[in-house]
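First comes the structure, then the notes that go with it.
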Amino acid sequence: MADKDVSETIEQLVKLQSVAKEHFLLHEKKNGLLKDLEKEEETLQAMHDTSNDLDQQRNDLSQAMNDVQNQIQEALEAIKKLKEKEAYVKTQKEYIALDTEQSIQRDKIKELEKESQTKTKELDEVKTLYGKQKQELKDQKGRFSEQQLEVDSSIEEIEKKLQDIETIRSEVLPTLDRQTLSRFERIVQNKNGVGIVPVNEGICEGCNIAVTPQVISLIRSNKEIIYCINCARILYLPKRTSIFD
Ligand SMILES: [Zn+2]
């Protein structure tokens, strides 16, 4: 006696398989597109961060240059005051002390001017980099928008196809028990979209490996769902060949 439930389940799974591969491939394609877009967005974000960093460096360098200029001004003021004191100097010793202080300030100015030159050079470099980065960012933004539009329209197409498939799935899904369905879907996911395969002339069509006669009679008995021991897919006997042997 054939178990009516299993043969009906197999029939429904075969029906589900007719759209399962496309369903699987469409989901894979959709996920791939979204992943590519995500990568592109990460690149954009990284470029944005770099641009912000350069902007920050530019501001810091400008600030540092202002500080250097202020220190030069302070040193110049100090020299001016030291020169004013010279008029009131009484001894040679005092004069030498003032002169020493002035030359300390002059050395300081020399150092500061060197620093200012270095900073100016750095600032020029950062400005150039910032300009380049801004242009690249703009280009990347353009590319990203284009890609986003392309992905949106591709996904729209995919969704339309998935809706058609969903119509077929919605007829089949309520007829299957949750456990069988989830096992089937797991196989579909792991086996490139194919969860149930016929055994033709003793060969599993999923993996092209011979199935034992015992397994074939188990399938034929329809008492339980039989899985290929090699590829783990659900096996069934196409009606055409089930009349043989
Ligand atoms: Zn197999």
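Close contacts from the range 106-130, counting a first residue that is touching a residue at least 12 places away in the same chain (Cβ under 8 Å) and a second that is basic (Lys, Arg) and part of a helix (DSSP H, G or I), with Cβ to Cβ under 8 Å and a gap of 6+ residues or different chains, come to Leu123/Arg58; Val126/Arg58; Lys127/Arg58; Tyr130/Arg58. Note on the range 83-100: residues that are of a type outside the set (Gly, Ala, Ser), surrounded by 13 or more Cβ atoms within 10 Å (Cβ to Cβ) and free of Cβ contacts under 8 Å to residues at least 12 places away in the same chain amount to 4. So for the range 189-200 (the condition being more than 20 Å from Val19 (Cα to Cα) and free of Cβ contacts under 8 Å to residues at least 60 places away in the same chain), does at least one residue qualify? Scanning the range 189-200 turns up at least one residue that is more than 20 Å from Val19 (Cα to Cα) and free of Cβ contacts under 8 Å to residues at least 60 places away in the same chain.
In the range 33-52 there is at least one residue that is over 30 Å from Ile155 (Cα atoms), in a helix (DSSP H, G or I) and free of Cβ contacts under 8 Å to residues at least 24 places away in the same chain.
Which members of the range 166-203 meet the condition of being in contact with a Lys or Arg (Cβ under 7 Å, 6 or more places away or on another chain), at pLDDT 95 or above and over 16 Å from His27 (Cβ atoms)? Can you show your working first?
First pass over the range 166-203, keeping only residues in contact with a Lys or Arg (Cβ under 7 Å, 6 or more places away or on another chain): 172, 187, 191, 193-197.
From the residues that got through so far, the ones that are at pLDDT 95 or above too are 187, 191, 193-197.
Within the range 166-203, Ile196, Val197 meet the criteria.
Of the residues that make up the range 188-197, is at least one within 16 Å of the ligand (Cβ to nearest atom) and part of a helix (DSSP H, G or I)? Give the derivation first.
First, pick out the residues of the range 188-197 that are within 16 Å of the ligand (Cβ to nearest atom): 188, 190-197.
If we keep only those that are part of a helix (DSSP H, G or I) as well, we get 188, 190.
Within the range 188-197, one or more residues are within 16 Å of the ligand (Cβ to nearest atom) and part of a helix (DSSP H, G or I).
Number of residues in the range 156-184 that are within 9 Å of Leu16 (Cβ to Cβ) and assigned to a helix (DSSP H, G or I): the value is 6. Inspection of the range 218-233 identifies no residue that is free of Cβ contacts under 8 Å to residues at least 60 places away in the same chain, within 17 Å of Ser18 (Cα to Cα) and not charged (D, E, K, R).
Which one is nearest to Glu185 (Cα to Cα) among residues in the range 200-217 that are part of a loop (DSSP other than H, G, I, E, B) and near the ligand (Cβ under 8 Å from one of its atoms)? Outline the logic, then answer.
So the first thing to find is which residues in the range 200-217 are part of a loop (DSSP other than H, G, I, E, B), and the list is 201-202, 205-209, 211-212.
Narrowing the set further to residues that are near the ligand (Cβ under 8 Å from one of its atoms) leaves 205-209, 211.
Values: Glu205: 18, Gly206: 15, Cys207: 18, Asn208: 21, Ile209: 22, Val211: 23 Å.
Checked the range 200-217; the qualifying residue nearest to Glu185 (Cα to Cα) is Gly206.
Would you say Arg220 is of a type in the set (Lys, Arg), within 16 Å of the ligand (Cβ to nearest atom) and either in a loop (DSSP other than H, G, I, E, B) or surrounded by 13 or more Cβ atoms within 10 Å (Cβ to Cβ) (or both)?
Values: of a type in the set (Lys, Arg): yes; within 16 Å of the ligand (Cβ to nearest atom): no; either in a loop (DSSP other than H, G, I, E, B) or surrounded by 13 or more Cβ atoms within 10 Å (Cβ to Cβ) (or both): yes.
No.
Tell me yes or no: at least one residue of the range 72-82 is in a helix (DSSP H, G or I), touching a residue at least 40 places away in the same chain (Cβ under 8 Å), farther than 30 Å from Met47 by Cβ and not aliphatic (A, V, I, L, M). No, that holds for no residue.
The values are calculated or read from the model by the stated rules, or taken from the named source; none is laboratory data. Source: prediction; values computed, not measured. Backbone-built Cβ (ideal geometry, glycine too); neighbour counts: all protein chains shown.
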